[in-house]
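Comments concern the structure below.
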């Protein structure tokens, strides 16, 4: 099938204070800085939905996975203070750790806000038996520490080390089935599906009566990182996702490498009308999924259609 997502290249996350946020991800979570660049020009601003904007960008790495922090000029609105794990704006990064108590202790030496109640939680065996802890960085963006027991998760996580890499980005969706259909059109395939509920899930999410369908999706070249859909049956959360400008701090972008950008856009609802921008010889387009999450599609340089 032509027109498919090959891989999730990185997550691109808006921040306000770039220096502070780089320091947090480096010192609390062991990310390394790959490069810092300036993005500007009319094509870039239009692609981001903020015409005339420019930004300072720090590209970070943990293991072999990447995270991009983007500080816009002009800056957008702060992260919404009351947003919860079942609201549609929710999108977290799951950071794999080899030793949960040690990773949690290191995090505790830095400024963060817990989402989970009572520290790291171990989920029931029927949902993987992982231990996890959800929290927010100093500007409110959600993150998760996750530890996989032996035989669970990708083989690359069964190695020594403290902070190992990014396993997935999880997004709250209004309708899990509709989202699976949308991402299936892009070439994503389901890898695992669980139905999570109970006191451990409540404490993990900082919610009461959490009842969530969790669907793992793999791109054509596999991962990690992969994508995870969180379809909350209860509590419903905020389903009327408010409009967010492209420079608001609530905005994350999934940066997706595709093999044939025109073919993919033609197959997706609303994709045919998405403007394609050429930046430094690479074709790109921005879309939103059915729940409003932003997808930055990039034509793979090694997979350009002939």
**OP:** Kindly provide the set of residues from region 101-125 that are over 16 Å from residue 210 (Cα atoms) and either not assigned by TED's automatic domain parsing to the domain that holds residue 200 or not in a loop (DSSP other than H, G, I, E, B) (or both), ordered by number.
**Re:** 101, 102, 103, 104, 105, 106, 107, 113, 114, 125
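Take the residues in region 49-66 that are in a loop (DSSP other than H, G, I, E, B) and within 20 Å of the chain's Cα centre (by Cα); name whichever of them is surrounded by the fewest Cβ atoms within 10 Å (Cβ to Cβ). Walk me through it before giving the result.
Going residue by residue through region 49-66, those that are in a loop (DSSP other than H, G, I, E, B) are 49-53, 63-64.
The next check asks that each one be within 20 Å of the chain's Cα centre (by Cα); those that pass are 49, 63-64.
On the way: 49: 15, 63: 20, 64: 11.
The extreme case among them is 64.
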Original post:
Looking at 35, 46, 27, which is the one that is in contact with a strand residue (DSSP E or B) (Cβ under 9 Å, 6 or more places away or on another chain), touching a residue at least 12 places away in the same chain (Cβ under 8 Å), surrounded by fewer than 18 Cβ atoms within 10 Å (Cβ to Cβ) and in a helix (DSSP H, G or I)?
Top reply: 46
Subject >> region 157-179, residues that are farther than 29 Å from residue 31 by Cα and either buried (at least 21 other Cβ atoms within 10 Å of the Cβ) or out of contact with any strand residue (DSSP E or B) (no Cβ under 6 Å at 6 or more places or on another chain) (or both) >> reply: 174, 175, 177, 178, 179
**OP:** Identify all residues within region 141-183 that are in contact (Cβ under 8 Å) with a residue 24 or more places away in the chain, assigned to a loop (DSSP other than H, G, I, E, B) and on the phi > 0 side of the Ramachandran plot; write none if there are none.
**Re:** 153, 161
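Go over the candidates 94, 85 one by one and state the one that is in contact with a helix residue (DSSP H, G or I) (Cβ under 7 Å, 6 or more places away or on another chain), surrounded by 17 or more Cβ atoms within 10 Å (Cβ to Cβ) and not in a helix (DSSP H, G or I).
Exactly one residue qualifies, and that residue is 85.
Going by what's in this entry, would residue 262 be described as touching a helix residue (DSSP H, G or I) at 6+ places or on another chain (Cβ under 7 Å), outside any strand (DSSP E or B), in contact (Cβ under 8 Å) with a residue 60 or more places away in the chain and not assigned by TED's automatic domain parsing to the domain that holds residue 189? Outline the logic, then answer.
On the way: touching a helix residue (DSSP H, G or I) at 6+ places or on another chain (Cβ under 7 Å): no; outside any strand (DSSP E or B): yes; in contact (Cβ under 8 Å) with a residue 60 or more places away in the chain: yes; not assigned by TED's automatic domain parsing to the domain that holds residue 189: yes.
Spelling it out, it is not the case that residue 262 is touching a helix residue (DSSP H, G or I) at 6+ places or on another chain (Cβ under 7 Å), outside any strand (DSSP E or B), in contact (Cβ under 8 Å) with a residue 60 or more places away in the chain and not assigned by TED's automatic domain parsing to the domain that holds residue 189.
The values are calculated or read from the model by the stated rules, or taken from the named source; none is laboratory data. Computed from a predicted structure; not experimentally measured. Using ideal geometry, Cβ is built from the backbone for each residue, glycine included, and neighbour counts are taken over all protein chains shown.
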